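S.K.: Provided herewith is a single structure, encoded as structure tokens, for subsequent inquiry.
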Amino acid sequence: MSNQLLKGKKGIIFGALDEKSIAWKTALACHAQGAQLVLTNAPVALRMGEINKLAEAVNAPVIGADVVNMDDLKNLFTESIKHFGGGIDFILHSIGMSLNVRKGKHYTEIDYGFNQKTLDISAMSLHRVLRTAFEMDALNEWGSVVALTYIAAQRVFPDYNEMADAKALLESITRSFGYHYGVKKKVRINTISQSPTRTTAGSGVKGFDGFISYAEKMSPLGNASAEDCANYCVTMFSDMTKMVTMQNLFHDGGFSYTGVTNAVIEQMEK
Ligand SMILES: NC(=O)c1ccc[n+]([C@@H]2O[C@H](COP(=O)([O-])OP(=O)(O)OC[C@H]3O[C@@H](n4cnc5c(N)ncnc54)[C@H](O)[C@@H]3O)[C@@H](O)[C@H]2O)c1
């Protein structure tokens, strides 16, 4: 059902890799709610070609940008403003990558070169995107930026590895830049802390199957799906949430505030 919550709004969606991606579902939801979109991903991801199907479905151009390359980001904003014929109202940052997880390095033995790249791609990239928009004055007043995060920034999930540190940094940048952009132009910046979700990035975490079932049993409402997350993003991009900024918003079926559930106790008693 569409309420046209985003009618007239223009947004950039980072990170739609394939149809499992949270960014993919969010692009579909924003389109259904009346938004105009530009899609972007790293050139290496664009070569897979999947994103063209989404581009057709939401009637959006695809503009490649490696999120750690400032020239790419400048070009992305310049071309997006040209395409929209004006400023941008919302941005979804849906980007994560851990080199140490990929290479199977244990947290206590991480390679610091890989770690720098992980932090740059998964966290500092939000600063890079915001800084580019800030300097180009690319975002409209009351614009909304959402980045996706995970509760491992607050509590230990051992196999989440260095991504826990990357998410903690991402959430800190959200608060710090949220202050400056709020003062400058009433732009709001928030993170959504999503349940474990079966996507390419999600399934890269060791023991993901056990982990997603545990979260399901530990959440009074069950795990939030990628579609649910997409709908939450729509509300955050809409004017209905215009005074919310600098927050980390848990979207996890209640997982974050649950100590234990009967389902987990029953499992332990088996
Ligand atoms: N899947 C989960 O369980 C889960 C839970 C909480 C939060 N998140 C977060 O959601 C976000 C989206 O992940 P997803 O689960 O949809 O997986 P995904 O693999 O579909 O998306 C990750 C995206 O990051 C992009 N990316 C990687 N390096 C890039 C670069 N240098 N430049 C531009 N883009 C780059 C990839 O191409 C891909 O599109 C991530 O921030 C992830 O950490 C995921």
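S.K.: Under 8 Å for C-alpha pairs, at least 6 residues apart: give me the relative contact order for the chain, rounded to a whole percent. List each step's numbers first, then the result.
M.R.: Details: 497 pairs, mean separation 51.3, N = 270.
In percent, rounded to a whole number, it is 19.
S.K.: Between LYS7 and TYR112, what FRET efficiency comes out of the Förster formula 1/(1 + (r/R0)^6) with R0 = 51 Å and r the beta carbon distance, rounded to 0.05?
M.R.: Details: r = 47 Å, r/R0 = 0.93.
Once rounded, the FRET efficiency stands at 0.60.
S.K.: Moving on. My understanding is that a pair violates if its Cα-Cα distance is over 20 Å; which of LYS10/LYS82; LYS105/LYS206; LYS53/LYS74; LYS103/LYS206; LYS20/LYS117; LYS10/LYS185 do that in this structure?
M.R.: Numbers: LYS10/LYS82 12 Å; LYS105/LYS206 11 Å; LYS53/LYS74 25 Å; LYS103/LYS206 12 Å; LYS20/LYS117 24 Å; LYS10/LYS185 17 Å.
LYS53/LYS74; LYS20/LYS117, as the Cα separations exceed 20 Å there.
S.K.: Cα-based Rg (one decimal) and Dmax (whole number) for the chain, in Å?
M.R.: Reported Rg and Dmax, both Å: 18.1, 62.
S.K.: Percent of Cα-Cα pairs more than 18 Å apart in the stretch 64-132, please. Can you show the working numbers first?
M.R.: Numbers: 1090 of 2346 pairs.
Cα-Cα pairs of the stretch 64-132 separated by over 18 Å account for 46 percent.
S.K.: Let me ask something additional. Pick from THR132, THR149, THR258 the residue whose mean-square fluctuation is largest in a GNM of the chain, springs joining Cα atoms under 10 Å.
M.R.: Looking only at THR132, THR149, THR258, the largest GNM fluctuation is found for THR258.
S.K.: Of GLY178, GLY143, GLY259, which has the largest mean-square fluctuation in a 10 Å C-alpha GNM of the chain?
M.R.: Checking each option, the largest mean-square fluctuation is seen for GLY259.
S.K.: Follow-up. Under the rule of -39500 (n - 2.57) per DSSP H run of 4 or more residues, summed and divided by the residues of the chain, what mean residue ellipticity at 222 nm is obtained, to the nearest 500 deg cm²/dmol?
M.R.: Working: 12 runs with 119 residues, N = 270.
The per-residue figure over the chain is -13000 deg cm²/dmol.
S.K.: Would you tally the net charge around LYS186, using a Cβ to Cβ cut-off of less than 10 Å, leaving LYS186 out, and scoring K and R as +1, D and E as -1?
M.R.: Numbers: positive: LYS184, LYS185, ARG188, LYS242; negative: GLU141.
Taking every Cβ under 10 Å from that of LYS186, the sum is +3.
S.K.: Select from LEU169, LEU139, LEU92 the residue whose mean-square fluctuation is largest in a Gaussian network model of the chain (Cα-Cα springs shorter than 10 Å).
M.R.: LEU169
S.K.: A further question on this structure: Among 28-34, 215-221, how do they line up by average Cβ neighbours within 10 Å per residue, starting with the highest?
M.R.: Details: 28-34: 20.4, 215-221: 16.9.
Final packing ranking: 28-34, 215-221.
S.K.: Around ARG128, with a cut-off of 14 angstrom between Cβ atoms, what is the net charge of the other residues, counting Lys and Arg +1 and Asp and Glu -1?
M.R.: Values: positive: LYS74, LYS117, ARG131; negative: ASP66, ASP71, ASP72, ASP120, GLU135.
Every neighbour counted, the sum reads -2.
S.K.: Hey, how many Å between the Cα centroid of the stretch 58-85 and the Cα centroid of the stretch 172-214?
M.R.: So the two Cα centres are separated by 22 Å.
S.K.: In addition: Quick check: convex hull over the Cα atoms of the stretch 122-253, volume per residue in Å³, rounded to an integer?
M.R.: Values: hull volume 13.8 nm³, N = 132.
Output value, Cα hull per residue: 104 Å³.
S.K.: Can you tally the net charge around LEU99? Count Lys and Arg as +1, Asp and Glu as -1, for every other residue whose Cβ sits under 14 Å from the Cβ of LEU99. Display every interim value, and only then the final one.
M.R.: Numbers: positive: ARG102, LYS103, LYS105, LYS117; negative: GLU109, ASP111, ASP120, GLU162, ASP165.
That works out to -1.
No value in this document is a laboratory result; all are computed from the given coordinates. Quick caveat, the model's predicted, so the values are computed rather than measured. Glycine also receives a Cβ, built like all others from the backbone with ideal geometry; neighbour counts cover every protein chain displayed.
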